[in-house]
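The structure under discussion appears below in the form of structure tokens.
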Amino acid sequence: GDSVTQMEGPVTLSEEAFLTINCTYTATGYPSLFWYVQYPGEGLQLLLKATKADDKGSNKGFEATYRKETTSFHLEKGSVQVSDSAVYFCAHLQDSSASKIIFGSGTRLSIRP
Amino acid sequence: DSGVTQTPKHLITATGQRVTLRCSPRSGDLSVYWYQQSLDQGLQFLIQYYNGEERAKGNILERFSAQQFPDLHSELNLSSLELGDSALYFCASSVAPGGRANVLTFGAGSRLTVL
């Protein structure tokens, strides 16, 4: 069945370091892909999305490119800040008729000053 | 404030009991989703409603039920509670029933502790 696999955390980096959080998916058809972020004590909120192959989603300095050939949607940021400390979830929506969004297990990111 | 309101924020109860979690979707959103977030299971999709009708079902136990009312708020009922039901329960809403552009707006969650 459809699934999303993301790198296990926790990930701890120093401020201004480069960030990559890996995400791969299995799905039939052409899913839409998302990254959601959960700050401490809050619900999830959309960080970025891509709806077709080779699309690049970006927001707040974060980027992810929809790679159909490798079924991946890795999250990257060139220079992280302490305020980026949160749990990051990769997710996919199977196709244009689907409504169930499947989430990965989440990756906790901690940034040291 | 995301616009999705969940109550209560925290709930502590005993095994065997029944609780109801409530969700008011963001204004204009017709679809409501329920997710369970536990430490060992991640974020699990439970059920979705669109404009009062059940739209999709996930890993929802038979002891759990939900509904969406005419004013679009939704309730998740959890009965015969077990220790393993302790988790954060999130409600999310969206404008559409599904589709490529579908983006979920999440509430802050209801934390359930079963003792």
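The values are calculated or read from the model by the stated rules, or taken from the named source; none is laboratory data. Keep in mind that what you see is a predicted model, and the values were worked out from it rather than measured. Cβ placement follows ideal geometry from the backbone for every residue including glycine, while neighbour counts extend to all protein chains displayed. Surface accessibility is based on the protein's heavy atoms, side chains included, excluding ligands, DNA and RNA. Shrake-Rupley method; radii C 1.70, N 1.55, O 1.52, S 1.80 Å.
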Would you mind giving the mean number of other chain beta-carbons within 10 Å of the Cβ of each residue in A:54-65, as a whole number?
0
Euclidean distance of C-alpha centroids, region B:71-89 and region B:1-63, integer Å
7
Cα-centred dipole magnitude for chain A, charges only on beta-carbon of K, R (+1) and D, E (-1), debye, nearest 20
120
I'd like to compare B:74-84, B:24-34: which one has the highest average count of other Cβ atoms within 10 Å, and what's the full order after that?
B:24-34, B:74-84
Just for the protein assembly as shown, what percent of DSSP beta bridges are antiparallel, to the closest 5?
90
Taking the Cα centre of the protein assembly as shown as origin, sum charge times position over the Cβ atoms of Lys and Arg (+1) and Asp and Glu (-1), and report the length of that vector in debye to the nearest 20.
120
Using θ = phi - 60° and Karplus 6.51 cos²θ - 1.76 cosθ + 1.60, couplings along region A:81-86 (whole Hz; Gly, Pro as x)
10, 4, 5, 7, 4, 4
Share antiparallel - DSSP beta bridges, chain A, percent rounded to 5:
90
Stretch B:THR20-B:ARG111 to full length: gain in nm at 0.36 nm per residue minus the Cα-Cα span?
31.6 nm
Charge dipole (region B:56-115, unit charges on Cβ, about Cα centre) - positive-most of B:PHE69, B:ALA87, B:VAL103:
B:VAL103
Between A:LYS60 and B:SER79, how high is the FRET efficiency from 1/(1 + (r/R0)^6) when r is the Cβ-Cβ distance and R₀ = 35 Å? Nearest 0.05.
0.25
Going Cα to Cα from A:LYS77, which aspartates and glutamates come in below 12 Å? Please leave out same-chain ones fewer than 8 positions away.
A:GLU15, A:GLU16, A:GLU63
Under 19 Å from A:LYS52, Cα to Cα: lysines that are on another chain or at least 8 residues apart:
A:LYS68, A:LYS100
Interface area, B with A, accessible, probe 1.4 Å, both sides summed, Å² nearest 100
1700
Considering every residue in A:37-43, what mean count of other chain Cβ atoms within 10 Å of its Cβ is obtained?
4
Dimensionless Rg over Rh [chain B; C-alpha; Kirkwood]:
0.95
How many Cβ atoms of partner chains, on average, are near each residue of B:106-112 if near means within 10 Å of its Cβ?
3
For region B:30-109, listing trypsin sites (Lys or Arg not before Pro) in a DSSP loop whose Cβ sees at most 12 other Cβ atoms within 10 Å gives none
With a 1.4 Å probe and every protein chain kept in, tell me what percent of the accessible surface of region B:58-115 is carbon plus sulfur.
56
Per residue, what accessible area does chain B have, given a 1.4 Å probe and all protein chains present, in Å²?
47
Going highest first, how would you order A:76-89, B:4-17 by mean Cβ packing within 10 Å?
A:76-89, B:4-17
Going highest first, how would you order A:47-58, A:32-43 by mean Cβ packing within 10 Å?
A:32-43, A:47-58
Under 15 Å from B:LYS9, Cα to Cα: aspartates and glutamates that are on another chain or at least 8 residues apart
A:GLU42, B:ASP1, B:GLU75
Given a Förster distance of 25 Å, report the FRET efficiency between A:ALA17 and A:LYS52 from their Cβ-Cβ distance, rounded to the nearest 0.05.
0.20
Cα gyration tensor category, rounded, prolate or oblate, for chain A with a/c compared to 1.5
prolate
If R0 = 22 Å, then A:GLU76 and A:SER3, at their Cβ-Cβ distance, give a FRET efficiency to the nearest 0.05 of 0.50
